[in-house]
Amino acid sequence: MLGLGASGQAAARLLAHEGARVTLLDSGESESLRATAAAMQAEIEGGTVCLGEAALATLETGRFAMGILSPGIDPATPLVRKYLKHNAPETLIGELELSWRLCECPVVAITGTNGKTTTTQLVDRMFNACGVRSAAVGNIGPAFASKVAESAAFDIMTVEVSSFQLERIERFRPVVSVWLNFQPDHLDRYPSLEAYAEAKLRIFENQTPEDFAIIKYGEPLPPPEALKARVITFSAYKRGGDLDLRDGVIHFHGTPVLRMAETHLRGLHNAENLMAALAVGAARGLAFQPMVEALASYKPLPHRCESVRTLRGVDYVNDSKATNLDALEKALLSETRPVVLLAGGKDKGFPFDSLSELVAAKARCVVLIGEMAERIAASWGVHLPCHRAGTLAEAVEIASRQAREGDVVLLSPGTSSFDMFKSYADRGDQFRACVNALK
């Protein structure tokens, strides 16, 4: 097992349950990782856990029947290269492939640059409300592998899948695949957008004419006739799909099925998440009325255009989950009031130039943090004032001084958080705390 994160631990437990002799390897050696390694060593009888140089040395001396790669481990790392040097490439699969092989119920797989988690939750809620026993797993958490031992008790697994998880599939075949959208992202892992797209497109690879592919209408994908699965299309931006949006109402083949005003979600991007969920239900033969009732009761997760507080007539909104430009763009488009934007974070290898005009049209000013602050300021600073802050607390203070009554202070970074925070959730939690601390 390469990687000792949540997916790696879950896969190791699953393999041990299946009777395998498991070796867990991770090239890291942090204090928290050492504690995790000790706990796993005690838990997995007969297993071996090695970190750092000892993990690399183990790969020099051992041959393995199978290697399982955690999705968070870049295939270019020395740990993976060392495994492939001493073991046949076909023996290395991902946690997603392993879990699918051992799963005893069908799988719905949901991918896309943005909206995966929301749509996965919508589909899972909809299934369970309609009497279809579902578990939401995968990139959303918990790991797919952690639920496989219970899979006989479910009618379906609703799995959020990332490009990282799809890199190492072989036979993985969802009965319904969902392609929400595709935008530039993860160029710190992939050499090109084409390589990123190729990884994501593998979701359709093993489907058959008995399966369904739910795809966004107008996306630059293989045409429906090139896909083996039956296709259902959707779009809130263009007409011509099986599901579309007309005057705030989602239609299926021209018949109105769901009013956006009756849901807790806003924005065209969330209309598409709802469309994708409805399409999954239609593919599985569910009736629209119970689906709509379940979807209308759904409330969005934290860090996704989450209202935090109103202070002196200024609304503070936490959209820390906006870890790429497309998510930032959609957050800005959903706002009708003047914005004071907090953006920036880890340098993921893509420029911010494409949003210059939109930011200038929507924002009063921008407050920038993280590795990308100077690059973004160079791009956007010719259009509007850009302030730099060393910490998120400082950024919130600057934003509060710049905002006027009726404005929105919007944290929508447009990139990931790992330069300054543990995760986007940590960033969002700290933003919420800073906002609530304002006098």
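The values are calculated or read from the model by the stated rules, or taken from the named source; none is laboratory data. Not measured: the values here are computed from a predicted model. Cβ atoms come from the backbone with ideal geometry, glycine included; neighbour counts cover every protein chain shown.
Can you find even one residue in the range 346-357 that is outside any helix (DSSP H, G or I) and among the aliphatic types (A, V, I, L, M)? Scanning the range 346-357, I find no residue that is outside any helix (DSSP H, G or I) and among the aliphatic types (A, V, I, L, M), so the answer is no. Within the range 136-181, the only residue that satisfies the criterion of being within 19 Å of R284 (Cα to Cα), of a type in the set (V, I, T) and in contact with a Gly (Cβ under 7 Å, 6 or more places away or on another chain) is V159.
Within the range 196-235, the residues that satisfy the criterion of being aliphatic (A, V, I, L, M) and over 20 Å from the mean Cα position of the chain (by Cα) are A226, L227, A229, V231, I232.
Within the option set L286, L301, L325, L265, being at pLDDT 95 or above and either touching a His at 6+ places or on another chain (Cβ under 9 Å) or under 25 Å from N139 (Cβ atoms) (or both) holds for one residue only, L286. Filtering the range 430-439 to residues that are in contact (Cβ under 8 Å) with a residue 40 or more places away in the chain and outside any loop (DSSP other than H, G, I, E, B) leaves F431, R432, C434, V435, N436.
Is it true that some residue in the range 173-185 is of a type in the set (S, T, N, Q) and closer than 19 Å to A327 by Cβ? Yes, that holds for at least one residue.
When G46, G67 are checked against the criterion of being at pLDDT below 95 and more than 21 Å from G141 (Cβ to Cβ), a single residue qualifies: G46.
What number of residues within the range 264-291 are buried (at least 21 other Cβ atoms within 10 Å of the Cβ) and either farther than 19 Å from Y217 by Cβ or β-branched (V, I, T) (or both)? Residues in the range 264-291 being buried (at least 21 other Cβ atoms within 10 Å of the Cβ) and either farther than 19 Å from Y217 by Cβ or β-branched (V, I, T) (or both): 2 in total. Summed over the range 76-89, the residues that are within 21 Å of A195 (Cβ to Cβ) and touching an Asp or Glu at 6+ places or on another chain (Cβ under 8 Å) give a count of 2.
Looking at A55, A20, A35, just one residue is out of contact with any helix residue (DSSP H, G or I) (no Cβ under 7 Å at 6 or more places or on another chain), over 30 Å from T323 (Cα atoms) and of a type outside the set (D, E, K, R), and that residue is A20.
Applying the criterion of being in a helix (DSSP H, G or I) and among the aliphatic types (A, V, I, L, M) to the residues of the range 126-154, the residue that is farthest from S7 (Cα to Cα) is A129. From the list G406, G414, the lone residue that is in contact (Cβ under 8 Å) with a residue 60 or more places away in the chain, in contact with a Lys or Arg (Cβ under 8 Å, 6 or more places away or on another chain), in the same structural domain as R337 (by TED's automatic domain parsing) and at positive phi is G406. Within the range 300-335, the residues that satisfy the criterion of being in a loop (DSSP other than H, G, I, E, B), among the hydroxyl-bearing types (S, T, Y) and either more than 21 Å from the chain's Cα centre (by Cα) or under 14 Å from Y424 (Cα atoms) (or both) are S320, T323.
The condition (being among the charged types (D, E, K, R), at negative phi and in contact with a Phe, Trp or Tyr (Cβ under 6 Å, 6 or more places away or on another chain)) is satisfied by just one residue among R173, R133, R168: R133. The strands (runs of 3 or more DSSP E) falling completely within the range 195-296 that include 3 or more residues that are without any contact (Cβ under 8 Å) to a residue 60 or more places away in the chain and more than 18 Å from V161 (Cβ to Cβ) map to 230-235, 243-246, 249-252, 255-259. Put simply, of L122, L102 the only residue that is at pLDDT 95 or above and under 27 Å from G67 (Cβ atoms) is L102.
Would a scan of the range 108-120 turn up a residue that is farther than 30 Å from D188 by Cβ, touching a Lys or Arg at 6+ places or on another chain (Cβ under 6 Å) and assigned by TED's automatic domain parsing to the domain that holds A283? No, the conditions are met nowhere in the range 108-120. Filtered by the rule that a residue be among the aliphatic types (A, V, I, L, M), in contact with a His (Cβ under 8 Å, 6 or more places away or on another chain) and within 16 Å of N318 (Cβ to Cβ), the range 396-439 gives a lone residue, A425.
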